[in-house]
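The structure appears right after this line, and notes come after that.
The values are calculated or read from the model by the stated rules, or taken from the named source; none is laboratory data. As the structure is a prediction and not an experimental result, all values here were calculated from the model. Note that each Cβ is placed from the backbone with ideal geometry, even for glycine, and that neighbours are counted across all protein chains shown. Heads up: the accessible areas ignore ligands, DNA and RNA and are worked out on the full protein's heavy atoms, side chains in. Shrake-Rupley method; radii C 1.70, N 1.55, O 1.52, S 1.80 Å.
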Amino acid sequence: MQSRGLGLPVRACGCCLSLKPARSRPHPTPLLPPGLAVPSQAPVLPPRAPAAPQQEWGSGRHGCCLPQGPHSLAPGLGVLVCVLGLRDAQSDRGAQPAPGGRVPHGAAAHPALLCVKSYQDSETGPESSVITKVKGITESEHKVWDVEEYVKPPEGGSVFSIITRIEVTPFQALGACPESIRVPNATCHSDADCTPGELEMLGNGARTGRCVPYYHGATKTCEVSGWCPVEDGASASHFLGKMAPNFTILIKNSIHYPKFQFSKGNIAHREDDYLKRCTFDQGSNPYCPIFRLGFIVEQAGENFTELAHRGGVLGVIINWDCDLDLPASQCNPKYSFRRLDPKHIPASTGYNFRFAKYYNTNSTTTRTLIKAYGIRIDVIVHGQAGKFSLIPTIINLATALTSIGVGSFLCDWILLTFMNKNKVYSHKKFDKIVDAPDQHTGQGLPTSESPHQDSTPTDPKGLAQL
């Protein structure tokens, strides 16, 4: 039989209909009256262009119509892939079928249904809280530094800085002194080059109108009224990174997915004081979120000495991807580390900030200005949770049935199998093709085979009987 709508012969295969490409019909030889021969100059019909290769459909392992041949699906996908419309997942993964229509083992081992999880309702961006705590001591040339001095800010939030090098300008007091040579238009040759009361936005104070010698060398700069001496005049550098790789950082994280009422933290539920003895290890201690600073820098692919001198921003990314159809013990945090600031751009590489400590001595206010270089840690939490839901399953099922054409096959199968008027429907849907026996006549007809097509007449009232 041949389908009028599809032009393909149809046969039943399991739960639905499978299609095989129809044989092309040869042009029938015209029948001539007796005594007439075919003219020698009879027009020759042009040969038909070869038909485009058609997709062959077979019953598949699960009784559903699955395509066979070079574009076949992996054998293990079965009805679920056919129903949920995941045929394109094979091409998305780049799997190349082997000869004979079999997909490589890698494609068959990861069913598209499990990867896409279109049967689940999902939620992204969990509600999260982060608490951090740094411990350790270090020393510079003439001082021992504890955590209260090198961690800024001390509150323990998701963003904090660990100071590894400082430039100190001590004993600053309000007064008049030479402007920094780094300030634009600060150099001068005489008092006429300095305008009294002028404020330079990038400077350190208001100009007094005098041109005075700089702190060192023969250069002169305009005098300013402000905190003196200015930063460039008397700063000293101190390196705090000698013992910094051994600093420990506790990162306490809790997440909550409100849609599924699911909450979990990254610390194990134990009553003993194991946090005082453990450090993080993805294999043995995944729920001990205590990280060495040197470990974080190493995992981010950075050199600790260089990073400590110039400063930088590192990200600790915590990913909570949870399949809530599984037990809660299968929802575990995954940690990754990388550098966030653009270190290859000389104009903006590194990380530093300034702060001051103020003192009151003999009714005189002084301060120590500190320019700090350090490693800033940004704790970033993201994730996605999914759980089975009937609504997305129905939506994806209906979309799949429409996209891959199963709906029309299913309707045909139901009408041809269960309807009382299935013969009438079959009569209107398909044409019968009968191959007539070979005819060899001597009445001017060629001796080649001439198949005869017998098309059953159609009943104009047939469809009304449905």
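Screening ALA308 with (1) in contact with a Phe, Trp or Tyr (Cβ under 8 Å, 6 or more places away or on another chain); (2) open to solvent by 80 Å² or more (accessible area, probe 1.4 Å); (3) of a type in the set (A, V, I, L, M) gives one miss only, at (2).
Every residue, every condition in (1) of a type outside the set (Asp, Glu); (2) surrounded by 14 or more Cβ atoms within 10 Å (Cβ to Cβ); (3) touching a residue at least 60 places away in the same chain (Cβ under 8 Å), yes or no:
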{"site": "GLY312", "(1), (2), (3)": "yes, yes, yes"}
{"site": "PRO333", "(1), (2), (3)": "yes, yes, yes"}
{"site": "LYS343", "(1), (2), (3)": "yes, yes, no"}
{"site": "SER348", "(1), (2), (3)": "yes, no, no"}
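Of all residues in the range 181-195, those being of a type outside the set (A, V, I, L, M), assigned to a loop (DSSP other than H, G, I, E, B) and farther than 14 Å from ALA218 by Cα number 5.
In the range 268-291, which residues are hydroxyl-bearing (Ser, Thr, Tyr) and either closer than 17 Å to SER336 by Cβ or at pLDDT 90 or above (or both)?
Passing the criteria: THR279, TYR287.
Taking residues in the range 256-272 that are in a strand (DSSP E or B), and partners anywhere that are exposed (fewer than 15 other Cβ atoms within 10 Å of the Cβ) and of a type in the set (A, V, I, L, M), the pairs with Cβ atoms closer than 7 Å and at least 6 places apart or on different chains are LYS264/ALA328. On inspection, ILE249 qualifies as more than 26 Å from the chain's Cα centre (by Cα), in a strand (DSSP E or B) and modelled with pLDDT of 95 or more. Applying the selection to the range 350-372, what residues are open to solvent by 30 Å² or more (accessible area, probe 1.4 Å), on the phi < 0 side of the Ramachandran plot and not β-branched (Val, Ile, Thr)? Selection gives TYR351, ASN352, PHE353, ARG354, PHE355, ALA356, LYS357, TYR358, TYR359, ASN360, ARG367.
What do you reckon, is SER237 in contact with a strand residue (DSSP E or B) (Cβ under 6 Å, 6 or more places away or on another chain), modelled with pLDDT under 95, open to solvent by less than 70 Å² (accessible area, probe 1.4 Å) and farther than 20 Å from VAL134 by Cα?
Here the answer is yes, as SER237 does meet what is asked.
For the range 261-270, state whether one or more residues are among the hydroxyl-bearing types (Ser, Thr, Tyr) and either more than 17 Å from GLN384 (Cα to Cα) or open to solvent by less than 40 Å² (accessible area, probe 1.4 Å) (or both). No; the residues of the range 261-270 include none that is among the hydroxyl-bearing types (Ser, Thr, Tyr) and either more than 17 Å from GLN384 (Cα to Cα) or open to solvent by less than 40 Å² (accessible area, probe 1.4 Å) (or both). Checked against (1) at negative phi; (2) in contact (Cβ under 8 Å) with a residue 40 or more places away in the chain, VAL144 passes all but a single condition, namely (2).
To keep it simple, each residue is scored yes or no on (1) under 20 Å from ILE377 (Cβ atoms); (2) under 55 Å from the mean Cα position of the chain (by Cα).
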position	(1), (2)
VAL159	yes, yes
PHE171	no, yes
GLY175	no, no
THR187	no, yes
MET201	no, yes
PRO213	no, no
TRP227	no, yes
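If the condition is being in contact with a helix residue (DSSP H, G or I) (Cβ under 9 Å, 6 or more places away or on another chain) and in contact (Cβ under 8 Å) with a residue 60 or more places away in the chain, then the range 282-310 contributes LEU293, VAL297, PHE304, LEU307, ALA308. Only one entry of SER122, SER161 meets the criterion of being part of a strand (DSSP E or B), at pLDDT below 95 and small (Gly, Ala, Ser), and that entry is SER122. Entry remark, the range 201-224: residues being assigned to a loop (DSSP other than H, G, I, E, B) and either surrounded by 17 or more Cβ atoms within 10 Å (Cβ to Cβ) or out of contact with any Asp or Glu (no Cβ under 8 Å at 6 or more places or on another chain) (or both) number 9 in total. For the range 316-323, the count of residues that are more than 30 Å from GLY386 (Cβ to Cβ), surrounded by 12 or more Cβ atoms within 10 Å (Cβ to Cβ) and touching a helix residue (DSSP H, G or I) at 6+ places or on another chain (Cβ under 8 Å) is zero. Restricting the range 389-422 to residues that are among the small types (Gly, Ala, Ser) and part of a loop (DSSP other than H, G, I, E, B), which is nearest to PHE260 (Cα to Cα)? Top of the filtered list is SER389. Across the range 316-354, the number of residues qualifying as among the small types (Gly, Ala, Ser) and part of a loop (DSSP other than H, G, I, E, B) comes to 3.
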